[in-house]
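Each remark here refers to the structure printed beneath this line.
The values are calculated or read from the model by the stated rules, or taken from the named source; none is laboratory data. Just so it is clear, the model here is predicted, and its values are computed rather than measured. Cβ placement follows ideal geometry from the backbone for every residue including glycine, while neighbour counts extend to all protein chains displayed.
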Amino acid sequence: MIILDTKEDYKNYINLLKSKGEIISLVPTMGNLHDGHLSLVEIAKKKSSKVITTIFINPLQFGKNEDFASYPRTMKQDIDKLKKHNCDILFAPKSKNEVFNNFDDLKNLKAGPKGNILCGKIRPGHFDGVLKVVYMLFQLTEPNLSVFGKKDFQQLYLIKQMAKKYFPKLKIISAPTIRTKNGLALSSRNLYLDKTSIRIAPLFYKILLDGIKNLKNSNNFEETIKYITANLEKNKFLVNYVSFMTTELEKLKLNTSERKILLSSVKLGQTRLIDNIEFN
Ligand code: PAF
């Protein structure tokens, strides 16, 4: 695996790949790689001739009181995992200047109203920061395709919209959420869960699944949200939001045939968990 940490070396290498006609896929990450990330690499491998993974803990997407300083930095283990999964190139910028060089270009890049709901409401500015770094990585790499997980559904939606506008030839691939055997969606932040919380955490997904069953019987979104919230609170989750929407992140109307999604964010102790389930 080729490992690069400066923009200059990276750009030169990309130009070489392009001159050879390689189909390039990009898997942006913040490191602390788990099987969810590695499944993105596997999907990318099937659809391209060269897979690039990036590891960059993007300061712009963390709020003032969030975990930027303590976010797990596990570069050595991450490199081993990427090698095992035959990733071709790792770009791990050594400083933020290697990513955000022409920062002025990005001033006006905003996630807009759909970046201010759900997770964006509890993390103001978060999605603006995500879009800025992903935009820069797309601009540097000019990949043919890029893979993102459905676990971060709102992020995936906003990246798709941004790509449609600024990188119309780029294909964004949505990858299914990878879960532990007991249903907990894999996330780098699961590492923060203590012994008690790790036992409770899988209930999050189970309660959401049960909520969808409840909706199918009641056909009442508000009652079902109350039912899910009460169930979560009974199990010591602090609820940030529980929301039914269309998969276009629009308000749901009753009896619509549109594809639907249940999205939720909770806190368990100090750890924020998010999950979602799509259904018809
Ligand atoms: O999902 C993530 O890990 C990050 O938000 C991303 C897309 C790599 C941008 O920093």
Among residues belonging to region 1-15 that are more than 30 Å from L186 (Cα to Cα) and acidic (D, E), point out the one that is surrounded by the most Cβ atoms within 10 Å (Cβ to Cβ). D9
Evaluate region 79-100: report whether one residue or more is β-branched (V, I, T), within 23 Å of H37 (Cβ to Cβ) and away from the ligand (no atom under 15 Å from the Cβ). yes
Could you figure out which of (1) at pLDDT below 95; (2) crowded, with 19+ Cβ neighbours inside 10 Å isn't true of L193? (1)
In region 21-50, what count of residues is obtained for those that are hydroxyl-bearing (S, T, Y) and in contact (Cβ under 8 Å) with a residue 60 or more places away in the chain? 3
If you go through region 16-32, how many residues are surrounded by 11 or more Cβ atoms within 10 Å (Cβ to Cβ) and at negative phi? 11
With a cut-off of at least 3 residues that are away from the ligand (no atom under 16 Å from the Cβ) and either hydrophobic (A, V, I, L, M, F, W, C) or over 19 Å from K251 (Cα atoms) (or both), name the helices (runs of 4 or more DSSP H) lying wholly within region 136-227. 195-200, 203-218
Inside region 57-90, can you point out the residues that are within 21 Å of K45 (Cβ to Cβ) and not polar (S, T, N, Q)? D78, I79, D80, K81, L82, K83, K84, H85, C87, D88, I89, L90
Of these, F62, F100, F56, F91, which one is touching a strand residue (DSSP E or B) at 6+ places or on another chain (Cβ under 7 Å) and aromatic (F, W, Y)? F91
Which numbered condition in (1) closer than 26 Å to K267 by Cβ; (2) surrounded by 13 or more Cβ atoms within 10 Å (Cβ to Cβ) is the only one that L109 fails? (1)
